[in-house]
Amino acid sequence: MTHQESGYKQASRRLGQYIAAHGMRVSMERQILLRMFCTGRRKWTVAELVSQAEKEHICRATVYNALRVLTEAEIIRVCSPAGASRKTEYELNETGQNRIRMICTKCGRQTELKDTGIARLVGEKKYSNFVMSRFELTVYGECKVCRKMKATK
């Protein structure tokens with residue numbers, strides 16, 4: 001079994017639990033959208049999802065409803081867009097994955113940072129009346145490309 005297949009099975013199980021707990025019905029459309037998130041492991045805009053879903057004969061309203069359910073079930077998450085021109089993106093919410101993300105406030109470029117020192121520092125922090133399961137840290141600033149363009153003006 002590939003990593004993608006096991007990720008889909010785990011996410012599908014979590015979706016099934018959420019649907020059962022909330023008295024909803026299992027729908028093929030939600031499963032198709034879930035598979036889209038699990039294969040390729042990339043970020044999707046609503047327009048991209050709608051375009052892909054229409055190939056499967058899924059309407060725009062169903063895509064929006066499925067996004068709401070998948071987000072409430074914490075299977076996918078909204079990525080923070082940087083700048084007014086950036087469109088909201090959705091990505092698979094992989095449980096237990098700590099993230100450190102740098103976002104350029106000029107162009108919106110996002111970079112994942114692998115900093116074991118910061119991850120260890122945050123991960124070892126103890127909080128009263130709270131047990132942390134994972135964390136996300138977002139750092140905003142200007143990327144190297146934007147700083148270079150600014151310096152040449």
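Derivation of every value follows stated rules applied to the coordinates shown; laboratory data play no part. Remember, it's a predicted structure, so these values are computed and weren't measured experimentally. Every residue, glycine as well, gets a Cβ built from its backbone with ideal geometry; the counts of neighbours run over all protein chains shown.
Dividing the summed -39500 (n - 2.57) terms of all DSSP H runs of n ≥ 4 by the residue count of the chain sets its mean residue ellipticity at 222 nm at -14000 deg cm²/dmol.
Going by a ≥ b ≥ c, the root eigenvalues of the Cα gyration tensor, does the chain fall in the rounded group (a/c under 1.5), the prolate group (a/b larger than b/c) or the oblate group? Oblate shape, in that a/c is at least 1.5 and b/c is the bigger or equal ratio. Since only Gly123, Tyr140, Leu33 are under comparison, the one whose Cα sits farthest along the positive direction of the charge dipole of the chain, derived from C-beta charges on Lys, Arg, Asp and Glu, is Tyr140. Estimated at 0.36 nm per residue, the fully extended path between Arg68 and Ala21 surpasses their Cα-Cα distance by 15.3 nm.
Near Tyr140, once Lys and Arg are set to +1 and Asp and Glu to -1 for all other residues with Cβ below 11 Å from its Cβ, the sum equals +1.
Given Lys43/Lys125; Lys43/Lys114; Lys106/Lys148; Lys9/Lys43; Lys106/Lys150, which pairs have Cα atoms separated by over 22 Å? Result: Lys43/Lys125 exceed 22 Å.
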